[in-house]
Structure formats: structure tokens, C-alpha cells
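The values are calculated or read from the model by the stated rules, or taken from the named source; none is laboratory data. Bear in mind the structure is a predicted one, so any value in this text is a computation, not a measurement. All Cβ positions, even for glycine, are placed from backbone atoms using ideal geometry, and neighbour counts span all protein chains on display. Just the protein is used for accessible areas: all its heavy atoms, side chains included, with ligands, DNA and RNA removed. Shrake-Rupley method; radii C 1.70, N 1.55, O 1.52, S 1.80 Å.
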Amino acid sequence: MKIRSAVAVATAAAACALALNANAADKVKIGFIATLSGPSGAIGADIRDAFQLAIKVNGGKLGGLPAEVLVGDDQFKPDVGRQLAEKYVKSERVNFLTGIVFSNIMLAAVPIAFENKTIYVSPNAAPSPLAGKQCNPYFFVASWPNDAYHEAAGQHASNRGYKSAYLIAPNYQAGKDSLAGFKRFYKGSVVAEVYTQLGQLDYAAEIAQVRAAKPDTLYIFLPGGMGINFIKQYVGAGMSSQVPLIVPGFGSDQDIIRPVGNAMLGLFDTAHWAMDLDNAANKRFVAAFEKEYKRLPTVFAAQGWDTAMLIGAAVRDTKGKIEDIEAVRKALRAAKFESVRGAFKFNRNQYPIQNYYLRVVAKDSQGRIVNKTIGTVFKDHGDAYVQDCAMK
Amino acid sequence: MSWILIVEQSLNGLQFGLMLFLLAAGLTLVFGIMDMINLAHGSLYMLGAFLASTFVALTGSFTAGVLLAIPATAVLGMLLEITVLRTLYARDHLSQVLATFALILILNEVVRLVWGSDAALPMPAALSGPVELLPGLQYPAYRLVIIGVGILVALLLFVLVTKTKVGMLVRAGASNREMALAMGVNIKLLFTLVFGAGAALCALAGALLAPLFAVQVGMGENILILAFVVIVIGGIGSIRGALVGAVLVGVVDTIGRAFLPLLFGLFFQPRVASAAGPAIASVAIYLLMAVVLYFRPKGLFPARG
């Protein structure tokens, strides 16, 4: 009798499990890996905060299912990122993986997701290899291709009629890629392409060279603290009025404006999003973010929010049948969500096709220093690598 | 390349060197006198910058903010010495490195809790912008101030170390600690005072450099490596060595970054030059250190005989 009932229970449980697989899941489980500590920790925190806020304003749900987010800190180390991916994909069996800030860490971690057919939705890193030959059906980019901001900056420099440009970037792969992106759309002559040390503090020598070279414009890709150092010193040297500076959008966002202050005013940059973009989703996002965290959102925060909304739309459109990976992929590719950036669609390599805007750092009506949108540089812009992608 | 550019780059090198000196002076005293490797020296530099940002915001005056940050950091430094570092003097260097590295991590997170990951310290309006030193030579006013303060502090330290009683004790401690102890010097008090002075110099460097550099968590680690290069070149425990070493490093680094790529351009194809120039420039100061150590293994001005 006892044995029979145990068997009956087991059979019933198995039947239930089968039924669940065939029907809707009872929750959506997401693994979120990001750099949350160290000097670059603020970027990961921005993405995480906005991601969790998007779930919170939807009553703790994504696409109608209760959402469970497991957050891990990769400590800016590729091996730690990979271990976390391993844990979330294999033992926690998450439905989606997301969160990673830096390309090098993501490239170490995503193969685990790919091998186990777990979808990775990138809220930031979007390196060129995964856009071209190595494009992958389980890889979606909700941010922008790594080159895009630099391409837009190059286009802007051409549009403004700058005949000569001086370029500065740190001496590592992303630095070289960024200047290549700028040059792809810049039609004038490049006076000099200077590669500085990663983590450099003092830029007096470089600034003096720029002053002597007298270019029409200066483009810098100096992420994080390097950019803060450079901009402070450039403005302090009185150079910003002589040679106008252009930076990629993340190089003059709220996390840079806060420590630099008034010296940022008048700086031009290019990005796929701005706080003042006029659409309902964006207004809701900016208001909710400011209310919750008492600070203004950055492009990174906008990307975190959109990533959550994109995943939510896919869960909704599959009617909660998130175990059916092909159905989820199809729903993701359709990207039926209200993006804070306005129009958004996926290219066939699952990288975005979207607009890029010219922004200027200025004071808003409340006297806060923010980025204001002043024009569109690219309309429906994709990336330069999609032709190498075999995916249809 | 004009002579104006050469003058300007030399000034840049001097300025960068004097700035490194402020940091290296404290480090070399602590290392030389207490025989203590303090990796958390950079954290005091960070604390100084964050404290200065708070005080400048509170008082509304740059000078007052900096002047308040210096004693505040010195007191924090002395508290750190009394509570934690004092127990490490008897240990070997490896334990000191481990313990002070832990301090870096702890202080980074403490600063993040108190201030967040970054802080603003704007340049005083009167000093922002360039001044014309010579016809055609524009130089940022603020960097001139740093050069002035650096020279002033170097002079003050020189007088303090060579002409006063405290300075005599410091020199005695640096050249032979056991003998100084045997002669009845209150080494405990001396160590705490020296550590406080080192922290004060850190705060001065951190506060003065804050308008030029990012005030953010982890800002101390980058500059600490350069400070160690300086004191190894100059000779551990020697203020004079720290000054000469710092200016050497500043000038070599700046001139290397400015002119090596141009120099390479004269001899090699542009592609080779643009790749090799920055690469060699970024290791120039380490080459300098290697050369100095080959000829003078104890540095340029060794404090110990």
C-alpha cells in the first residue's frame, strides 16, 4: 500500500512536471552578472539598478511571470565571470543570462550560455566578432555595437566640416577599434592618432601636442577615470575654446558630469539615447529612476531598463512558455517592446538597428548639467560586420 | 617642433615630478625609517582628495578646504598607525604587503559607503585657464600653482629634516634604527608623527591634484606604483632622493610621451613608429629605474650607509 502510493505520488509529480514543460512556466529566472566592485563598479551598478527597477515597476514581474534575478559580481575578472555563468546556466538553470559590462569578460562567459542553449541578452558589451562571423542564435544585443558611438562621432565631425582631426585613445584593443570606427565615417584628414597608456593620469604632454598641432577638432576615447582626468586638464588648459572636443556618449554622461562639473558644459557627444528623448517609455523611465535612486540615469541605466523590457516582451509573447527556446528567440527577434530610445529593431545578426543622436552638455531648466539632444547623426544605423554573419 | 613646445613639455615634466614628490616624500620616510612597506599610502591620498572635496563644498573656499583636509587626513593616518600598522613593524615585508593590501580594499569600500564612487572638486575659478608665460607660450595657471607648492614643500621639508631636532631624530631613525633606539629616542612617538606627516603630504597631493584628476575610488593605486618607482630610484629614506627621483621620473615620462613617437618617426616607417613610440614611452620610467639600479643598487641617494 505504502509503495503503491509512493509510486502514485511520483507518477503524479512527473506528470505535473511534464505538464509544466508543455505549458507556461511559473516564473522567469534570470542570471545577472556584472562588474559591481572596483573603479568600474558604478557602470555595472547603473545597469543592475535600472534592470531591477524595470521589474519593480511591473509589480515584480516580467511579461506576466514573477521574475527572480540572481545577481553576481564578476569583479572585473574574466575567470570569475565565467564561473558565475557556469553556476547560473548549469546548476541554477536560468532562462536568460545578462548583465556583463565589459567585452573581454563577456567573451569569456557567453560560450557557456551558447553551449547550453541559454539565451544571453547583452545590456552593454557588443564586440565586433559576435556581430560578424561568430554571430550566434543565442546572442542578442539590447545596447549598441561597440563601434557605433565612434562611427557617429566621425560622421558628426564630417557633418560639421572639420577638415582635420586629432585622435586619442588608450593603447589596447578597444582603443584601436574605437578610432577605426571614427575613421570609418570621418572624411577629413587625421592629423595624428595617439595611443596613451591604459590608466594614465597626467595628459599635459598630449594636450601640449594638440595645442601645437592646431587641428579642427579632437576626438577622445578615454573610458572612466582617464576621461575625467583628460577633460578636467583639457578645460583647465583653456583648450576647449580653441579645439572643440568630441567624445562618445558614455564619455560625457552623468557619471562623468558628477565628478567634473561645470567644465563639461558645451561638450559634444554621440549616443543612442538621451534623457530628453521625447517618448512615453523614456519619460516613465527617467522619472522612475530619479525617484528610486535620487540620481539621473546614464546611457548604461537606459540599456539595463531596455534589456529587462525586451526580455519581458519575449516572455509575454510566448505566453510564458519560456522553455521553448525557439519560440523565445522568435519573440525576442520581433522585439515588440517600448524602448526608451524610440524605434528599435534587430538586424539579422541580432544586433540593433537604431538612431544615433548628437548631444551637447548643457544646463536644463532646473539648472542641472545634463545631455541635451540637438540632432540625429544616423537614422536606422546597423553595423559594419553583419555581412559576415551567416544567420538569416 | 618648436622651442616653445620643448619649454612647455619640460614644465609639464617638472610639474608632474613635483606632484609625485609630494606622495613619494611620505612614502620614503615611512619605508626608510620604519622599514615598513605601506601599500595603503595611496588610500590616504584618496582619503585626502575626498575629504578636500567635502570641505571645499562645506566652506565654499578651495584654500580653506585643502587646509582642513590636511590635518584631518593626518589624524586619520595617525589613528591607522596606532591601531593597525604598529602591530606590523615586527613582521616581515610579505605580511606587511598582505595586511596593507587588505587595508586598500577596506578603505576603498569605506570611501564608497561614505561618499559614493566619485566626488567633484572643481578648479578654483581664478586659476582655471591659461596664462601667457612667454610670447606664444600658454601654460595652465593651476599647474603653475602646483609647481610653486611643490617647490615650497620641498624647501620646507629640507629645512625640517636638516636643521631641526625632529629632523635629526628622523635622519637618525632612517640611517640606523637600532642605534637611535639605544640612544633613547622615543621611537613609538616618532613613528606616529612621521606617519602623520606622510599622511598630511598625501592629503596635500590628493587635494591639490583633485581639480586635475578624477576623484574616485581606487585613485590611489595607479599613482602609488609611480611613487614606489620614485623612491627606489631616489634611494629609500632620503627626502633629497625622493625629490630628484620624482623630477627625473616626471621629466622622463613626459618627454618620452611627447617626443619619442616623433623621434621614432625620423628613423622608422610611420606604422612601426606609431606602434613602437607609445610602447617604449610607457616603459621609459622603468627603463630609467633599471639603469639607475644597475649603477647604484641602493638608489641615487641612499639614506643608509
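Remarks
- The number of residues in segment A:194-234 that are more than 26 Å from the chain's Cα centre (by Cα), open to solvent by 40 Å² or more (accessible area, probe 1.4 Å) and within 9 Å of chain B (Cβ to nearest Cβ) comes to 1.
- For segment B:248-263, a tally of residues being of a type in the set (D, E, K, R) and within 16 Å of the chain's Cα centre (by Cα) returns 1.
- Summed over segment A:220-269, residues that are free of Cβ contacts under 8 Å to residues at least 24 places away in the same chain and aromatic (F, W, Y) total 0.
- Qualifying residue in segment A:178-192 (condition: modelled with pLDDT under 95, within 14 Å of another protein chain (Cβ to nearest Cβ) and open to solvent by less than 20 Å² (accessible area, probe 1.4 Å)): yes
- Residues considered: B:I280, B:I236, B:I285. Of these, the only one that is in a helix (DSSP H, G or I), in contact with a helix residue (DSSP H, G or I) (Cβ under 8 Å, 6 or more places away or on another chain) and open to solvent by 30 Å² or more (accessible area, probe 1.4 Å) is B:I280.
- Considering residues of segment A:78-117 that are open to solvent by less than 10 Å² (accessible area, probe 1.4 Å) and without any contact (Cβ under 8 Å) to a residue 40 or more places away in the chain only, the residue farthest from the chain's Cα centre (by Cα): A:I112
- Note on segment B:282-295: residues that are of a type outside the set (S, T, Y) and touching a residue at least 40 places away in the same chain (Cβ under 8 Å) total 5.
- Residue under evaluation B:Q96, criteria (1) open to solvent by less than 40 Å² (accessible area, probe 1.4 Å); (2) in contact with a Ser or Thr (Cβ under 6 Å, 6 or more places away or on another chain); (3) under 26 Å from B:I231 (Cβ atoms), criterion not met: (2)
- The criterion of at least 1 residues that are among the aromatic types (F, W, Y) and modelled with pLDDT of 95 or more is met by the following helices (runs of 4 or more DSSP H) wholly inside segment A:40-129: A:41-57, A:103-115.
- A residue that is away from every other protein chain (no Cβ under 14 Å) and touching a residue at least 60 places away in the same chain (Cβ under 8 Å) cannot be found anywhere in segment B:259-273.
- Scanning segment B:1-15 turns up no residue that is more than 30 Å from B:V252 (Cα to Cα) and of a type in the set (S, T, Y).
- If you filter segment B:248-258 down to residues that are more than 11 Å from chain A (Cβ to nearest Cβ) and open to solvent by 40 Å² or more (accessible area, probe 1.4 Å), you find that the one that is farthest from A:E206 (Cα to Cα) is B:L248.
- Options A:A390, A:A384: the member that is out of contact with any Cys (no Cβ under 8 Å at 6 or more places or on another chain) and not in a strand (DSSP E or B): A:A384
- When A:G320, A:G312, A:G266 are checked against the criterion of being part of a helix (DSSP H, G or I) and either at pLDDT below 95 or not hydroxyl-bearing (S, T, Y) (or both), a single residue qualifies: A:G312.
- Summed over segment A:130-176, the residues that are buried (at least 24 other Cβ atoms within 10 Å of the Cβ), within 14 Å of chain B (Cβ to nearest Cβ) and small (G, A, S) give a count of 1.
- Residue count for segment B:113-126, restricted to those that are facing chain A (nearest Cβ under 10 Å) and open to solvent by less than 50 Å² (accessible area, probe 1.4 Å): 7
- Qualifying residue in segment B:210-227 (condition: surrounded by 24 or more Cβ atoms within 10 Å (Cβ to Cβ) and more than 14 Å from chain A (Cβ to nearest Cβ)): no
- Residue-level check: of (1) touching a helix residue (DSSP H, G or I) at 6+ places or on another chain (Cβ under 7 Å); (2) closer than 17 Å to A:L310 by Cα, A:A126 misses just (1).
- A single entry from A:V121, A:V80, A:V141, A:V110 fulfils the requirement of being among the aliphatic types (A, V, I, L, M) and more than 24 Å from A:M391 (Cα to Cα): A:V80.
- Exactly one residue out of B:L39, B:L47, B:L29 is crowded, with 22+ Cβ neighbours inside 10 Å, under 29 Å from A:A45 (Cα atoms) and away from chain A (no Cβ under 14 Å), and it is B:L47.
- Only listed residue being assigned to a loop (DSSP other than H, G, I, E, B), aliphatic (A, V, I, L, M) and open to solvent by less than 30 Å² (accessible area, probe 1.4 Å), chosen from A:L332, A:L296: A:L296
- Conditions (1) within 9 Å of chain A (Cβ to nearest Cβ); (2) open to solvent by 60 Å² or more (accessible area, probe 1.4 Å): number failed by B:P297: (1)
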